[in-house]
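Here the structure comes first, spelled out in structure tokens, and everything after it is commentary.
The values are calculated or read from the model by the stated rules, or taken from the named source; none is laboratory data. Quick caveat, the model's predicted, so the values are computed rather than measured. Cβ: placed from backbone, ideal geometry, glycine included. Neighbour counts: every protein chain shown. Side chains are part of the model used for accessible areas, which takes the heavy atoms of the whole protein and leaves out ligands, DNA and RNA. Shrake-Rupley method; radii C 1.70, N 1.55, O 1.52, S 1.80 Å.
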Amino acid sequence: MFFKNCLRHFKTVMKHKWLVFKLCCKAGIPWRGIVHDLSKFSPTEFIESAKYYQGGKKSPIPACKQKEGYSKAWLHHKGRNRHHVEYWYDEFAPDKTPVIPYKYTVEMLCDGLAAGMVYNGKNWNNNTQLEYWIRKKDELPVNEKISNLAIEVYTQVSKQGVDKTITKDNLKNLYSKYCS
């Protein structure tokens, strides 16, 4: 069963990476799409994620946390991937949640959309990420400017779709509006 889950997890990760890559290309940051989530192939992340594989419908991380009390894969992942808000959080810094640089913020937005598409499958719609972000934002250690930007981007996706929202010009303008 573990070997089967390894193959299934690999397929899920590759589907996610492909969607992130396509979105990052639309957003004008193709390199971030290429290198996105490479740490998921490290033994620390891959083995645990295959062990707690959830059928490709949700992340294995919460299942591991529930059983083990923590997740080595998540600790490893958030510490190596700058597109996660948790990477930037430092409770002992004067600015606990700094404004995330543009390219990582855009990668984060593309990652959120792609994760929603993969995990929700046919049930994904243009409102999915906006609803998810609003539900989770108060639990995230994220700068208010970045949170407001995410709400704006996901609201635009909700109203006009991914193709019209995820463009280099639109994202640069929104980042400048909220974060400059």
Task: Helix-only [θ]222 nm of the chain, DSSP H runs n ≥ 4, -39500 (n - 2.57) each, per residue, nearest 500 - done: -20500 deg cm²/dmol
Task: Positive-pole candidate from 10, 113, 43, dipole of the chain, charges at beta carbon - done: 10
Task: Translational diffusion of region 117-159, µm² s⁻¹ [Kirkwood Rh, Cα pairs; Stokes-Einstein; 20 °C; 1.002 mPa s] - done: 198 µm²/s
Task: Cα Rg over Rh - region 38-101, Kirkwood - done: 1.04
Open item on the list: Keeping every protein chain present and rolling a 1.4 Å probe, give me the accessible area per residue for region 91-141 in Å².
Closed with: 55 Å²
Task: Two-decimal ratio, region 1-143, of alpha-carbon radius of gyration to 2.2 N^0.38 Å - done: 1.04
Task: Exposure ranking of 108, 117, 1, 14 by accessible area [1.4 Å probe, largest first] - done: 1, 14, 117, 108
Task: Magnitude of the charge dipole, region 63-126, Cβ model with Lys/Arg +1 and Asp/Glu -1, debye to 20 - done: 260 debye
Task: Carbon plus sulfur fraction of accessible area for region 1-147, probe 1.4 Å, in percent - done: 57 percent
Task: GNM flexibility winner over the chain from 114, 27, 93 (Cα, springs under 10 Å) - done: 93
Task: Euclidean distance of C-alpha centroids, region 1-76 and region 91-108, integer Å - done: 22 Å
- [ ] Just tell me which lysines come within less than 20 Å, Cα to Cα, of residue 22; anything on the same chain fewer than 8 places away is out.
- [x] 11, 40, 103, 122, 164, 168, 172
- [ ] Sort all Cα-Cα distances of region 79-163 into consecutive 10 angstrom bins from zero, then give the percent of pairs in each bin up to the one containing the longest distance.
- [x] 18, 50, 27, 5, 0
Open item on the list: Can you compute the charge dipole magnitude of region 97-164 about its Cα centre, using +1 on each Lys and Arg Cβ and -1 on each Asp and Glu Cβ, nothing else charged? Give it in debye, rounded to the nearest 20.
Closed with: 140 debye
